[in-house]
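Asker: My questions will all concern the structure given below.
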Amino acid sequence: MGFREALDSGKFLITAEIGPVKGTEIDGLLEDADLIKGKVDAINVTDLQSSVMRLGSMAVCHLLIDRGIDPVFQMTCRDRNRLALQSDLLSAWVLGIRNVLALTGDHPTLGDHPDAMPVFDLDSVSLLRVISRLNEGFDMTGNQLKGAPAFFPGAVVNPGADNEAALDMQIIKMEKKIEAGAKFFQTQGIYDLDLFEKFIKRAEGFKTQVLGGIILLKSAGMARFMNKNVAGVFVPEHFIKEMEETKDKVKTSIKIAAELIKGMKHLCQGVHIMAIGWEKRVPMVLEEAGL
Amino acid sequence: MIVAELKPFKEIENMLRDYKKVMVLGCGTCVTVCMSGGERQVELLASALRMAGRLERNEIIAGEKTILRQCDPEFIDQIKDEASNYDAILSMACGAGVQGVAERLAGIHILPAMNTTFIGVSDGQGTWIEACAACGDCILDRTGGICPVARCAKSLINGPCGGSKGGLCEVSKNNPCVWQQIYARLGKLNLINLLKGMSQPKTRPVHPRKLVNPKNAFG
């Protein structure tokens, strides 16, 4: 069962994420993918995450398809203008890619080529419109395609926006993304279920599918770093303390993630697990969470 | 207003290394207002060049002049005769001014003393911030008079990226997230609903652009 079918089936969805390497050595990455395969409904492949130059998402998605995994092709607006975005979408389709996650993308200054030109010719909302248009058989200027894709488009939302105005705008943009064609949402990492519930209540009328984000905590230091530097991520003090005091970081990390997943089960339609290097531990998280 | 900053002194010195007589030319409009290329700055730069020349036993004659606008032939013509006494002109105007002078005084090498940085507005004493990207497709009616094209690091036109923290931009961390400012402004105007409108991808200008205003053209 592919991701789209899983989503339609009403089951509690599980997606994971892998980040391509900087270079051509793909054995480790495929090994991770194989370990998760069968335990998740789809695997997202990031698009030059954190604006660091590396192997591309489209090629890795294609490799995952070869291994019987349904990938979610992450596509940012950072590096391609509207010509390249549309062309890459067509290329992705003929390579067997069916799910696309449309993102704005980080700014190049955050990565390892800070002087790269930030393109942002389109934004995430207009990219979603373009995907919908391609699905209808037309490019964004209305020219007819010879053979159209049938992508399953998704988007992201940040429920942890740290003030009322920012959250309000996230909700407004989420609604625009749905109008533009987004069928599912994967969220930024969640650590506060009360806050997440408030967000879900606000998005209730939207009739879309939300996969709550889970970022595996590797250490107390990582939690503090994210609290300071990553927008929308807030790890409460009690989790940081647990990570600090534990003798077995992996075990505690898995316990926390599983606890959050269990809490999300009645709030949203699935979870999106970002393991950030701990991909091999995703099956243990799922087992602990009873999935 | 156009904002420009003085280039590093070493770079200017290097540009001038083959010239003995240089006219340092200020501009009396934008760069005078942002205190980077007006009469006062001409005086400072010219004396710095003289001093550096003396120290390095490579003395140069640095003349000082400021005209009202270097982008306007009418004012450039005022220095035509005087300029012919110099080997080069070091312009302290924006890039447009440098080109205006180079076009009108084609026989003299015109060198830029400034890096032109942005079209901006004053943001308190001695501070200017970028405000307009001259995109040629204005959307300020929908954004409470605050431009996300110029003031969002990603030029996003359909709302913020989700990367702001404490109301600040994640890219240029000392700057407010412009979408938070837009939200606040539209809130005051009771126009938050404008944020729900779908902004279409922008048309992109083809350079170079040109304005022909018949009234001016035909006097």
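The values are calculated or read from the model by the stated rules, or taken from the named source; none is laboratory data. Everything numeric in this text was worked out from a predicted model, so none of it was measured. Cβ: placed from backbone, ideal geometry, glycine included. Neighbour counts: every protein chain shown.
Residues checked against (1) outside any helix (DSSP H, G or I); (2) closer than 18 Å to B:Val3 by Cα; (3) out of contact with any strand residue (DSSP E or B) (no Cβ under 9 Å at 6 or more places or on another chain):
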position	(1), (2), (3)
B:Met23	yes, no, no
B:Arg69	yes, yes, no
B:Asn85	yes, no, no
B:Gln99	no, yes, no
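Asker: To continue, here is another question. Please list, ordered by first then second residue, the pairs with beta carbon atoms under 7 Å, 6 or more apart or interchain, first in the range B:185-206 and under 13 Å from B:Val149 (Cβ atoms), second not in a loop (DSSP other than H, G, I, E, B).
Answerer: From residues that are under 13 Å from B:Val149 (Cβ atoms), the pairs are B:Pro201/A:Arg82; B:Pro201/A:Ser126.
Asker: Quick check on this structure: which one of A:Ala180, A:Ala220, A:Ala257 is of a type outside the set (Lys, Arg) and in contact with an Asp or Glu (Cβ under 6 Å, 6 or more places away or on another chain)? Break it down stepwise before answering.
Answerer: Numbers: A:Ala180 fails: in contact with an Asp or Glu (Cβ under 6 Å, 6 or more places away or on another chain); A:Ala257 fails: in contact with an Asp or Glu (Cβ under 6 Å, 6 or more places away or on another chain).
Within the list A:Ala180, A:Ala220, A:Ala257, the selection yields A:Ala220.
Asker: While we're looking at this one, here's another question. With of a type in the set (A, V, I, L, M, F, W, C), within 13 Å of chain B (Cβ to nearest Cβ) and not in a loop (DSSP other than H, G, I, E, B) as the only criterion, which of A:Ile214, A:Ile256, A:Ile178 stands out?
Answerer: That would be A:Ile178, the only listed residue that is of a type in the set (A, V, I, L, M, F, W, C), within 13 Å of chain B (Cβ to nearest Cβ) and not in a loop (DSSP other than H, G, I, E, B).
Asker: Can you name the residue in the range A:86-116 that is within 13 Å of A:Met53 (Cα to Cα) and away from chain B (no Cβ under 12 Å) and, of all such residues, is surrounded by the fewest Cβ atoms within 10 Å (Cβ to Cβ)?
Answerer: If we take residues in the range A:86-116 being within 13 Å of A:Met53 (Cα to Cα) and away from chain B (no Cβ under 12 Å), then A:Asp115 is surrounded by the fewest Cβ atoms within 10 Å (Cβ to Cβ).
Asker: Looking at B:Asn158, is it outside the structural domain of B:Ala96 (by TED's automatic domain parsing), under 28 Å from A:Gly111 (Cβ atoms) and either at pLDDT 95 or above or not in a loop (DSSP other than H, G, I, E, B) (or both)?
Answerer: So B:Asn158 passes the test.
Asker: Okay, moving on. With respect to B:Ile61, determine if the residue is buried (at least 21 other Cβ atoms within 10 Å of the Cβ) and either modelled with pLDDT under 95 or among the β-branched types (Val, Ile, Thr) (or both).
Answerer: Numbers: buried (at least 21 other Cβ atoms within 10 Å of the Cβ): no; either modelled with pLDDT under 95 or among the β-branched types (Val, Ile, Thr) (or both): yes.
Against the criterion (buried (at least 21 other Cβ atoms within 10 Å of the Cβ) and either modelled with pLDDT under 95 or among the β-branched types (Val, Ile, Thr) (or both)), B:Ile61 does not qualify.
Asker: Any chance you could count how many residues in the range B:106-121 are of a type in the set (Gly, Ala, Ser) and more than 13 Å from the chain's Cα centre (by Cα)?
Answerer: 2
Asker: Give the residues of the range A:123-164 that are within 14 Å of chain B (Cβ to nearest Cβ), assigned to a loop (DSSP other than H, G, I, E, B) and out of contact with any strand residue (DSSP E or B) (no Cβ under 8 Å at 6 or more places or on another chain), sorted by residue number.
Answerer: Within the range A:123-164, A:Asp123, A:Asp139, A:Met140, A:Thr141, A:Gly142, A:Ala161, A:Asn163 qualify.
Asker: Does A:Ala231 satisfy the criteria of being small (Gly, Ala, Ser), within 14 Å of chain B (Cβ to nearest Cβ) and surrounded by 17 or more Cβ atoms within 10 Å (Cβ to Cβ)? Full working, then the answer.
Answerer: Numbers: small (Gly, Ala, Ser): yes; within 14 Å of chain B (Cβ to nearest Cβ): yes; surrounded by 17 or more Cβ atoms within 10 Å (Cβ to Cβ): yes.
Judged against the criteria, A:Ala231 is a match.
Asker: Can you go through B:Arg40, B:Arg54 and tell me which one is at pLDDT below 95, in a helix (DSSP H, G or I) and out of contact with any helix residue (DSSP H, G or I) (no Cβ under 7 Å at 6 or more places or on another chain)?
Answerer: Values: B:Arg40 fails: at pLDDT below 95.
Step by step, each of B:Arg40, B:Arg54 is checked, and only B:Arg54 is at pLDDT below 95, in a helix (DSSP H, G or I) and out of contact with any helix residue (DSSP H, G or I) (no Cβ under 7 Å at 6 or more places or on another chain).
Asker: Still on this model: Might you check whether a residue that is in contact with a Phe, Trp or Tyr (Cβ under 7 Å, 6 or more places away or on another chain), away from every other protein chain (no Cβ under 13 Å) and in contact (Cβ under 8 Å) with a residue 12 or more places away in the chain occurs anywhere in the range B:130-153?
Answerer: Yes; the residues of the range B:130-153 include at least one that is in contact with a Phe, Trp or Tyr (Cβ under 7 Å, 6 or more places away or on another chain), away from every other protein chain (no Cβ under 13 Å) and in contact (Cβ under 8 Å) with a residue 12 or more places away in the chain.
Asker: Now a separate question. If you check A:Ile172 against the conditions, is it within 14 Å of chain B (Cβ to nearest Cβ), part of a helix (DSSP H, G or I), under 19 Å from the mean Cα position of the chain (by Cα) and more than 29 Å from A:Val282 (Cα to Cα)?
Answerer: no
Asker: Hey, another quick one. Do we find a residue being touching a residue at least 12 places away in the same chain (Cβ under 8 Å), within 14 Å of another protein chain (Cβ to nearest Cβ) and not basic (Lys, Arg) anywhere in the range A:57-73?
Answerer: Within the range A:57-73, not a single residue is touching a residue at least 12 places away in the same chain (Cβ under 8 Å), within 14 Å of another protein chain (Cβ to nearest Cβ) and not basic (Lys, Arg).
Asker: Would you tally the residues in the range B:171-186 being facing chain A (nearest Cβ under 9 Å) and surrounded by fewer than 22 Cβ atoms within 10 Å (Cβ to Cβ)?
Answerer: 4
Asker: Got a number for residues in the range B:161-200 being of a type in the set (A, V, I, L, M) and in a helix (DSSP H, G or I)?
Answerer: 7
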